[in-house]
Amino acid sequence: MLTGPDVLLVTGGSRGIGAAIVRKAARDGYAVGFSYVRNGDAAARLVAELDQAGHRAHAVQGDVADPDFAARFFDAAEAALGPATALVNNAGITGRIGRFRDADPAMLRSTLDTNVLGTMYAAQEAIRRWEAAGIPGRMVNISSIASTLGAPGEYVHYAATKAAVEAFTIGLAKEVAPAGIRVAAVAPGTAYTDIHEAAGEPNRPARVVSRVPMGRIAEPEEIANAVLWLLSAEASYVTGAVLRVSGGL
Ligand code: NAD
């Protein structure tokens, strides 16, 4: 029986949707450990912001595509905050926007390594620890509506990695349900973050907004709200689900 605080680990938590999840989780009472890959200043600023607001937070540097990182992330965050009880696999990249025929092997490899293997490594670490300690953990994997729309002309390789994340979510949820562990995914539509600039088209949201039935782009906080609901006791009978948060797309 777990008696300590609820501790959430978030990969790629220093900006964008990850940072919105970290902030909302802290407000909801979680101690939050998050990873960042490059921007140590942004990570330190977020930890300081949360500290000042009376929350507990801890940042760990590392690349989710490194098979050794997950154990290091959990060890460092748990030493600072206590045993993890929840995990959000948020870190993800699209690779360069463009047609698939022009995608180079190094970009395909890094997108697969980050989005698919990165999610699997952290998920495996969490499941091993939760099953060993009898913790009824909860996990949310961040997918994308690209998994079902395909992202033609933009990043079909990325769409394929997110379809893999969703299949992984469904299978893992069934495998660990008897241990009292829940696993779900959130599939966001387009949200205002730096991911579009990293893809080579900072103004992509303005280009694609006309496709969205609700007529607007998501704020990262709207994605975070869905993630925190899935992690919460209110979603106690929800596992293996993929929740689209996409304004109707
Ligand atoms: P972002 O680029 O602003 O943030 C991504 C975060 O992941 C960053 O903190 C980055 O440092 C981290 N990251 C990237 N590669 C990493 C690696 N190898 N190891 C560790 N951390 C790494 O993007 P975002 O829009 O906030 O994306 C968050 C998630 O949401 C991603 O999985 C993305 O695919 C998904 N998503 C985003 C959108 C959107 O329109 N923004 C839509 C659908 C899905």
Only listed residue being of a type in the set (Gly, Ala, Ser), more than 10 Å from the ligand (Cβ to nearest atom) and touching a helix residue (DSSP H, G or I) at 6+ places or on another chain (Cβ under 9 Å), chosen from Gly82, Gly95:
Gly95
Taking the stated definitions as given, is Thr94 polar (S, T, N, Q), touching a residue at least 60 places away in the same chain (Cβ under 8 Å), surrounded by 15 or more Cβ atoms within 10 Å (Cβ to Cβ) and closer than 18 Å to Met139 by Cβ?
no
Collect the residues in the stretch 2-33 that are part of a loop (DSSP other than H, G, I, E, B), touching a strand residue (DSSP E or B) at 6+ places or on another chain (Cβ under 8 Å) and farther than 19 Å from Gly118 by Cβ, keeping them in residue-number order.
Pro5, Asp6, Tyr30
Residue among Met139, Met107 that is buried (at least 16 other Cβ atoms within 10 Å of the Cβ) and assigned to a strand (DSSP E or B)
Met139
Looking only at residues that are basic (Lys, Arg) and either part of a loop (DSSP other than H, G, I, E, B) or out of contact with any strand residue (DSSP E or B) (no Cβ under 7 Å at 6 or more places or on another chain) (or both) in the stretch 142-184, which one is farthest from Val22 (Cα to Cα)?
Lys174
For Val209, only one of the following conditions fails: (1) modelled with pLDDT of 95 or more; (2) hydrophobic (A, V, I, L, M, F, W, C); (3) away from the ligand (no atom under 12 Å from the Cβ). What is its number?
(3)
The one condition in (1) at pLDDT below 95; (2) touching an Asp or Glu at 6+ places or on another chain (Cβ under 9 Å); (3) not hydrophobic (A, V, I, L, M, F, W, C) that Thr3 fails to fulfil
(2)
Some residue of the stretch 186-202 being within 16 Å of Asn141 (Cα to Cα), part of a helix (DSSP H, G or I) and within 17 Å of the chain's Cα centre (by Cα)
no
Touching a Gly at 6+ places or on another chain (Cβ under 6 Å) and either surrounded by fewer than 19 Cβ atoms within 10 Å (Cβ to Cβ) or in contact (Cβ under 8 Å) with a residue 12 or more places away in the chain (or both), is that true of Gly18?
yes
Does the stretch 21-44 hold any residues that are within 7 Å of the ligand (Cβ to nearest atom) and open to solvent by less than 70 Å² (accessible area, probe 1.4 Å), and which are they?
Ser35, Tyr36, Val37
Counted residues in the stretch 111-125 being open to solvent by less than 50 Å² (accessible area, probe 1.4 Å) and more than 14 Å from the chain's Cα centre (by Cα) come to 3
Going by the structure shown, is Gly54 away from the ligand (no atom under 16 Å from the Cβ), over 21 Å from Ser144 (Cα atoms) and without any contact (Cβ under 8 Å) to a residue 12 or more places away in the chain?
yes
Could you list, in sequence order, the residues of the stretch 145-204 that are of a type in the set (D, E, K, R), free of Cβ contacts under 8 Å to residues at least 60 places away in the same chain and open to solvent by 50 Å² or more (accessible area, probe 1.4 Å)?
Glu175, Glu197
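The values are calculated or read from the model by the stated rules, or taken from the named source; none is laboratory data. All of these numbers come straight from a predicted model, not from anything done at the bench. So basically every Cβ, Gly included, is an ideal-geometry build from the backbone, and we count neighbours across all protein chains shown. Protein only, heavy atoms only, side chains kept; ligands, DNA and RNA dropped before computing areas. Shrake-Rupley method; radii C 1.70, N 1.55, O 1.52, S 1.80 Å.
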